[in-house]
1. Summing Lys, Arg as +1 and Asp, Glu as -1, what charge do residues with Cβ under 13 Å from the Cβ of residue 69 carry, residue 69 excluded?
2. Which of the residue pairs 75/181; 24/422; 75/107; 181/258; 234/299 have a Cα-Cα distance greater than 32 Å in the structure shown?
3. Compute log10 of I(q)/I(0) for region 1-81 with the Debye formula, placing one identical point scatterer on every Cα and leaving out solvent, at q = 0.15, 0.21 Å⁻¹, to two decimals.
4. Assign one of three labels to region 384-431, namely rounded, prolate or oblate, based on the Cα gyration tensor with a ≥ b ≥ c the square roots of its eigenvalues; rounded applies when a/c is under 1.5, prolate when it is not and a/b is larger than b/c, and oblate otherwise.
5. At 1.4 Å probe size, with the rest of the protein present, what percent of the exposed accessible area of region 17-131 is carbon and sulfur atoms?
6. Filter the chymotrypsin sites (Phe, Trp or Tyr not before Pro) in region 197-227 down to the DSSP loop ones having no more than 12 other Cβ atoms within 10 Å, then list what survives.
7. Largest first, how would 54, 207 line up by accessible area (1.4 Å probe)?
8. Kindly provide the trypsin sites (Lys or Arg not before Pro) of region 165-230 that DSSP labels as loop, not H, G, I, E or B, and whose Cβ sees at most 10 other Cβ atoms within 10 Å.
Amino acid sequence: MATMADGRILIADDEDGLRWVLEKGFRGAGYQVTAVKDGTAALRESEAQPFDLILLDIRMPGLDGLTLLGQIREKHPEAQVVIMTAHGTVETAIQAMQRGAYDYLAKPFDLDEALLLTERALTARRLSQEVTSLKNGLKEVWEFGALVGRHPTMQEVYKTIGRVAASDVSVLLRGESGTGKEVVARALHHYSRRAGRPFVGISAAAIPATLLESELFGHEKGAFTDAKERRLGKLELAHGGSVFFDEIGDMPPELQVKLLRALQERAFERVGGHELIRMDVRVLAATHRDLEAMMKGGKFREDLFYRLNVVTGNVRELENVIQRAMVMASGGVVLPEHLPIGPVSAAAGVTADASLEEIIERKMIECVRGMRGQSSANLHGLMVGLVEKPLLRAVMRETKSNQVRAAQLLGINRNTLRKKLKEHSIDPDAP
């Protein structure tokens, strides 16, 4: 539950029922809430007092949500803004994010969904504030500010940390030495439900291969020549908290097998022992190596890779990718085609003789894997939309935008076709 100091929320929606539900729900969660029914009142309230999060309906009397979003972001850049819309088109999403929204909620949505997004947004805001404080001279155990700075591209790192910190999803941090992978790992732990519990790190590069298994799993007295007494391993010491595998790419293949089994079964045996030790840990890992190339060469297990690579937080690469995308996106809007997307697996390149179903399935596997650790997601709607849009474009192109013919090919009526073209922001007259 957020404290009062960090939880001042403004809700602006002209729908009385939804506004009442949101106001009651957020108050019940411990937030301070101000609720108004139009854009003019929302602007007035935002100028009268500071808010940490502002929820704006996109269509309201007076000022509409997008216009108000721009004005609020200009005057109060520190506030997080979430747009609520019953018109959840791609165009709406792009416009909202262009104007500085943290995210948007497509109506109808559950109160739990709104509360979860709020928690993520406020976590990202707190991270940003802490970075600023650290850069101004505050010294903590880990100097977060010295690493990630205040560059606009790093807002995506804060958002990713805010989104995944609260869950137990595995995270793989990638980048060269010095890019701050351990600092980000500590931030993920610090803002998780496991904060205050152990954060235990182990470096596969710093420990000789002969000792790494014992360091990881521990050993019993007499397990080997120098085992004078029982010793607990890093996995056991991290119970209830987070374990950070630094330079996971340097781990020997035979030990990768044992680690994978332990992660899958959430249990392991100490070296030289037979007692099954249960563990409850959140897994974070980092590497500077090209794991995809290592998988192709048989030096890193593909199943372990996907066990670890649920979310990736590559600080250096993120900035490079965004800078490249900004150059490629001549229209000013970064689209999926401007971003490099890796294959689903080391052996999942699309072959010339692959069927359409196989190609789609391979791409969808990647999307589904990315949803691990989430209790719910609109995955069906997302996937249907991603397949439906290119299908509509292909049919419209083939029929030279003849809607009667296009509707016949698709097996739907013209009204449904018009609705879907509008929903996907497809120009019906485009060549």
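1. Working: positive: 59, 73, 75, 99; negative: 57, 64, 74, 103.
Taking every other residue near residue 69 into account, the sum is 0.
2. Working: 75/181 34 Å; 24/422 35 Å; 75/107 27 Å; 181/258 24 Å; 234/299 23 Å.
Beyond 32 Å: 75/181; 24/422.
3. Each listed q maps to, in turn, -0.46, -0.90.
4. Details: a/c = 1.34, a/b = 1.16, b/c = 1.16.
Judged from the Cα gyration tensor, region 384-431 comes out rounded (a/c under 1.5).
5. Numbers: 2540 of 5110 Å².
Percent of accessible area from carbon and sulfur atoms in region 17-131: 50.
6. Values: sites: 199, 217, 224; in loops: 224.
Those that pass, being in a loop and sparsely packed, are 224.
7. Numbers: 54 5, 207 35 Å².
Ranked list, largest accessible area first: 207, 54.
8. Details: sites: 174, 181, 186, 193, 194, 221, 228, 230; in loops: 193, 194, 221, 228, 230.
The qualifying sites are 228.
The values are calculated or read from the model by the stated rules, or taken from the named source; none is laboratory data. Not measured: the values here are computed from a predicted model. With ideal geometry, Cβ positions are generated from the backbone for all residues, glycine too; neighbour counts draw on all protein chains shown. Note: areas computed on protein heavy atoms with side chains; ligands, DNA, RNA excluded. Shrake-Rupley method; radii C 1.70, N 1.55, O 1.52, S 1.80 Å.
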